[in-house]
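Colleague: Please find one structure pasted underneath; my questions will follow.
The values are calculated or read from the model by the stated rules, or taken from the named source; none is laboratory data. Everything numeric here is computed off the predicted structure, so don't read it as measured data. Heads up, the Cβs are rebuilt from the backbone with ideal geometry, glycines too, and the neighbour counts pull from every protein chain shown. Surface accessibility is based on the protein's heavy atoms, side chains included, excluding ligands, DNA and RNA. Shrake-Rupley method; radii C 1.70, N 1.55, O 1.52, S 1.80 Å.
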Amino acid sequence: MLDTRTSKAFSINAIGNSISLLFTRRFGTFWFASLLSNIGTWAQEVAQPWLLLSLGASSFLIGLDTFAMGFPVLLLTLVGGVLADRADRRSVIAIFQSIQMLCPILIVVLLLTSLVMPWVVITLSLVIGITDALSMPSFQSIVPSIVKPDQIASGLALNSTQFNLSRILGPAFAGILLVSVGAVGCFAVSAASYIPLIVVALWVLPRKLTPSLQDSVSDRHQLFANVVVIFRIPQLRGALLTVFISSFLCAPLVTFSSVLVKNAFHGDAGQFSIAVAAFGIGGLLGGIVLLFVDGNSDRRYLSSWSARVYGAVLVLVAFNPWFWGLTILFVLAGLAMSISNISANTLIQTHTTSQLRGQTVSLFMLALRGGMAIGSLLTGFSVTFAGANRALLLNGLLAIVAQFVVGRKWFKAA
């Protein structure tokens, strides 16, 4: 049960103020372009593990693929945060996202020539991970740059709704393409989807002058000192730990959903896309729920309790014998994940200074993507030796315990 202080924060007026952002020129255009881009991304997210399975890849290689995409976050996301704070974000986005766009294009070529192999797909995932680590903090800093300070919470919630709407539309679109033209169609759509977001991001972001050499040197010396400063703030530390635990222990539910659908339920690509879309429906509902939450409310309770529910869902998935039961549980998982992570991100974005926002966001991405990378790799081992159900059961139980421990200290923070 949520804390009573959380329930008082819900307001009908809050959603009206939130939705009005969609009708502003810059945010509305950015929202729509992001939706188109993420539809393409999710089409690839569905096609890629299914492609690996069709190429004979093991559960470990599927986990390794997710690890390859997320591992660079552990090494480079803090550098990406410095770039977001000090460099021209327009150039950062244009350069690295253009490089990333070449990866699905190459897979399309290899599929058409029947030369694609698992190691090539995994290597290209590593390239995507590197470019993501360096450019995502700049992307994540766009919303606070184009809305007023008191609209940041609403902007982030709306941004999450488009992400999760794409999580529904992308897999549905991918399911149609996989059945009709095959994985090549999904990767082609993914490549084309980069264009609108790159163009719009270049338009909505103001040009930033290149910092002096002295400032850049200072940034390098201050990088880890700033990380220490951020972690000394109890509000930020609690949010980052909550996101990391969920990503490390619970996010593998989505990573290994293809294995679960194919091996446990003997499903096909269509059923796999339904499961992923169900997770997106839950995420969309979570974003909508947060539109009713007052922007000045304390998000700790929403984030922590939802993270605990996320862990409980994994336990239920481990015992579930029906595919449609799995679909319902995926909706609940997406709902819990969305509310927890958006609430934590909102708290992070509103409790840091503009000078440290890029590096704070990079730590959020480190917790989110880095936790998912390590968790997927380790869960890949446990899935291989113990099966998907037992691996998810262990992850869910550990997540519940860890979130209770972190949550108790987080609630006591001033």
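Colleague: By Kyte-Doolittle mean hydropathy of at least 1.6 and Cα axial length of at least 24 Å, which whole DSSP H helices of the chain are selected? Intermediate values should be presented prior to the final figure.
Modeller: Details: long enough: 25-54 (44 Å, 0.32); 59-86 (40 Å, 1.45); 89-112 (35 Å, 1.83); 118-140 (31 Å, 1.25); 152-180 (41 Å, 1.09); 183-204 (33 Å, 2.10); 213-231 (27 Å, 0.50); 269-291 (33 Å, 1.88); 300-319 (30 Å, 1.06); 323-350 (40 Å, 1.34); 388-412 (36 Å, 0.80).
Helices passing the filter in the chain: 89-112, 183-204, 269-291.
Colleague: Using alpha carbons only, how many angstrom separate the centre of the stretch 37-76 from the centre of the stretch 230-246?
Modeller: Cα centroid to Cα centroid, the span is 27 Å.
Colleague: Right, here's the next one. Given labels modelled 7 Å from the Cα in the Cβ direction, how far is it in nm from LEU115 to PHE381?
Modeller: The modelled label-to-label distance comes out at 3.6 nm.
Colleague: Follow-up. At 1.4 Å probe size, with no ligands or nucleic acids counted, give the accessible surface of LEU35 in Å², nearest ten.
Modeller: Accessible area of LEU35: about 20 Å².
Colleague: Right, next: First measure r as the distance between the Cβ atoms of ARG390 and ASP298, then evaluate 1/(1 + (r/R0)^6) with R0 = 35 Å and state the FRET efficiency to the nearest 0.05.
Modeller: Numbers: r = 37 Å, r/R0 = 1.06.
The calculated FRET efficiency here is 0.40.
Colleague: Next question. Taking square-rooted eigenvalues a ≥ b ≥ c of the alpha carbon gyration tensor, is the stretch 297-388 rounded, prolate or oblate, where a/c under 1.5 means rounded and, failing that, a/b exceeding b/c means prolate? Each step should come with its number before you reach the end.
Modeller: Working: a/c = 3.51, a/b = 1.65, b/c = 2.12.
Taking the square roots of the gyration eigenvalues as a ≥ b ≥ c, the stretch 297-388 is oblate.
Colleague: Which order do you get for SER338, SER58 if you rank them by accessible area with a 1.4 Å probe, largest at the top?
Modeller: SER58, SER338
Colleague: Return the FRET efficiency for the residue pair ILE99, ARG408: r is the Cβ-Cβ distance, R0 is 41 Å, and the value is rounded to the nearest 0.05. Present the calculation step by step, with values, prior to reporting the outcome.
Modeller: Working: r = 44 Å, r/R0 = 1.06.
Result of the calculation: an efficiency of 0.40.
Colleague: Let me check I've understood the local charge: for VAL200, count other residues with C-beta under 14 angstrom from its C-beta, Lys and Arg +1, Asp and Glu -1. What total comes out? Before the final figure, lay out each step's value.
Modeller: Working: positive: ARG25, ARG26, ARG89, ARG90; negative: none.
Its environment carries a net charge of +4.
Colleague: If each residue of separation counts as 0.36 nm, what is the full-extension length gain between ARG25 and ASP150 once their alpha-carbon separation is subtracted?
Modeller: Values: separation 125, 0.36 × 125 = 45.00 nm, distance 1.79 nm.
Stretched out fully, the ARG25 to ASP150 stretch lengthens by 43.2 nm.
Colleague: Continuing with the same structure: How many angstrom lie between the C-alpha centres of the stretch 365-414 and the stretch 116-164?
Modeller: Centre-to-centre (Cα) distance: 22 Å.
Colleague: Further, regarding this structure: Work out the FRET efficiency for TRP324 and ARG232 from their Cβ-Cβ distance, taking R0 = 51 Å, and round it to the nearest 0.05. Present the calculation step by step, with values, prior to reporting the outcome.
Modeller: Working: r = 47 Å, r/R0 = 0.93.
According to the calculation, E is roughly 0.60.
Colleague: What net charge do the residues around VAL315 carry, taking every other residue with its C-beta under 15 Å from that of VAL315, with Lys and Arg at +1 and Asp and Glu at -1?
Modeller: Working: positive: ARG308, ARG390; negative: none.
With Lys, Arg at +1 and Asp, Glu at -1, the neighbours total +2.
Colleague: At 7 Å along the Cα-to-beta-carbon direction for both HIS266 and PHE32, put a label point, then send me their distance in nm to one decimal.
Modeller: So the label points at HIS266 and PHE32 sit 4.7 nm apart.
Colleague: Over all Cα pairs of the stretch 29-75, how is the pair count split among 10 Å bins, expressed in % and running from 0 up to the last occupied bin?
Modeller: 24, 37, 30, 8, 0
Colleague: With the alpha-carbon atoms as the only input, what is the per residue convex hull volume for the chain in Å³?
Modeller: Spelled out: Cα convex hull of the chain, divided by residues, is 127 Å³.
Colleague: A follow-up question, please. Counting only other residues whose beta carbon sits under 15 Å from that of ALA57, what net charge do I get with K and R as +1, D and E as -1?
Modeller: Details: positive: LYS262; negative: ASP65.
For residues surrounding ALA57, the net value is 0.
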